[in-house]
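Below: the structure, in structure tokens.
The values are calculated or read from the model by the stated rules, or taken from the named source; none is laboratory data. All values reported here derive from a predicted model rather than from experimental measurement. So basically every Cβ, Gly included, is an ideal-geometry build from the backbone, and we count neighbours across all protein chains shown.
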Amino acid sequence: MALMTTHTWRLFTCKQSLWVRWIHEYRLRGTNFWSAPNVAGASVGWRKLLEIREVVCNRFIFKIGDVVRELVGSGGWNWPRTPHALHAHPDTLKWRSYEGDLHDFSVNLAWHAIRNRAHPVQWFSVVWFAKCIPKHSFMVWLLMGERLKTQDRLKAWEISSRISQVCSLCLREADSHEHLFFKCLFAKQVWTLATKVSRVNLQVDSWKDVVDVLSPIAFKRSARVIVSKLLFGASVYGIWRERNARLFNKKALSCAQVFEVIFSTVRLKIMSIKCKTSSQVQEMKTDWKVP
Ligand SMILES: [Zn+2]
């Protein structure tokens with residue numbers, strides 16, 4: 001992964017490299033790397049390069065004079081408008097370290113910033129499993145590594161005056177990984193609703209609770225366990241999406257509405273899974289209103 005990050009870095013700093021010129025000419029064809037579609041049929045290497053964008057995008061920082069901004073922000077390309085514009089300022093692109101400081105790029109710093117710090121054995125099966133919904137698993141994976149850009153991790157210069165510095169879900173304190181997904185009253189309501197439908201206690205109070213509840217059973221292939229993991233991932237995704245919608249778009253759904261989306265997403269996934277009929281599967285279908 002650090003190697004892929006290095007390749008991504010080179011795309012913006014080694015304009016004269018034959019490989020970089022080839023990428024811009026034949027892969028990007030004038031489009032923006034950060035919004036280039038990851039289409040089926042592309043080479044594995046190129047797809048891996050595109051997949052790492054979400055992990056590294058908030059670590060690319062450009063600095064021109066007094067202007068210090070992320071290269072990519074809120075799903076958009078901040079500056080410069082064309083990759084070639086950076087060529088005029090070869091020393092302006094910086095790497096934001098895990099601690100949040102700006103440095104010249106190095107593979108070691110990249111690895112230090114993007115590696116997952118939690119114990120992999122305990123949670124791996126909670127996040128990645130055969131029937132998982134990839135975008136949900138990816139979100140849980142980011143949560144596990146504390147890689148989401150919660151308010152407690154924003155540096156003063158990153159804070160826009162238009163963005164409030166209070167949890168958009170409960171309006172009580174700045175959000176953090178721990179607050180947003182576990183301590184927040186809104187999140188707690190989501191976990192309560194999730195617990196009612198899953199029959200597995202998902203009323204988690206911290207990441208440790210998740211590990212305690214789900215890890216011991218995560219390797220099992222029973223319908224109940226698979227659905228609980230799907231529900232956990234969908235809930236994490238739903239909480240983060242609602243947080244962003246309120247923070248950036250000033251649109252708010254109630255907790256019940258957010259859970260309705262979570263429920264229907266998991267229900268649709270369940271309907272696509274073929275499993276042998278058993279009393280447990282029948283019970284689960286009843287819980288999820290699956291015909
Ligand atoms: Zn909150």
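Would you kindly identify the helices (runs of 4 or more DSSP H) lying entirely within the stretch 40-116 that contain at least 2 residues that are more than 18 Å from Leu148 (Cβ to Cβ) and modelled with pLDDT of 75 or more?
Values: elements: 44-51, 53-56, 107-114.
Where helices (runs of 4 or more DSSP H) fall fully within the stretch 40-116 and carry at least 2 residues being more than 18 Å from Leu148 (Cβ to Cβ) and modelled with pLDDT of 75 or more, they are 44-51, 107-114.
Taking the criterion of being among the hydrophobic types (A, V, I, L, M, F, W, C), within 16 Å of the ligand (Cβ to nearest atom) and either modelled with pLDDT of 80 or more or touching a Phe, Trp or Tyr at 6+ places or on another chain (Cβ under 7 Å) (or both), would at least one residue in the stretch 117-129 satisfy it? There is no residue in the stretch 117-129 that is among the hydrophobic types (A, V, I, L, M, F, W, C), within 16 Å of the ligand (Cβ to nearest atom) and either modelled with pLDDT of 80 or more or touching a Phe, Trp or Tyr at 6+ places or on another chain (Cβ under 7 Å) (or both). For the condition surrounded by 15 or more Cβ atoms within 10 Å (Cβ to Cβ), within 18 Å of Ile133 (Cα to Cα) and basic (Lys, Arg), what is the one hit in Lys229, Lys220, Lys285, Lys274? Matching residue, one of Lys229, Lys220, Lys285, Lys274: Lys229. For the stretch 185-202, a tally of residues being touching a residue at least 40 places away in the same chain (Cβ under 8 Å) and near the ligand (Cβ under 9 Å from one of its atoms) returns 2.
The residues of the stretch 205-215 that are more than 19 Å from the chain's Cα centre (by Cα) and either within 15 Å of the ligand (Cβ to nearest atom) or of a type in the set (Ser, Thr, Tyr) (or both), listed by number, are Asp205, Ser215. Quick check: is even one residue across the stretch 168-175 outside any loop (DSSP other than H, G, I, E, B), crowded, with 22+ Cβ neighbours inside 10 Å and within 16 Å of the ligand (Cβ to nearest atom)? So far as the stretch 168-175 goes, no, none of its residues is outside any loop (DSSP other than H, G, I, E, B), crowded, with 22+ Cβ neighbours inside 10 Å and within 16 Å of the ligand (Cβ to nearest atom). Checked against (1) within 16 Å of the ligand (Cβ to nearest atom); (2) aromatic (Phe, Trp, Tyr); (3) modelled with pLDDT under 80, Trp157 passes all but condition (1).
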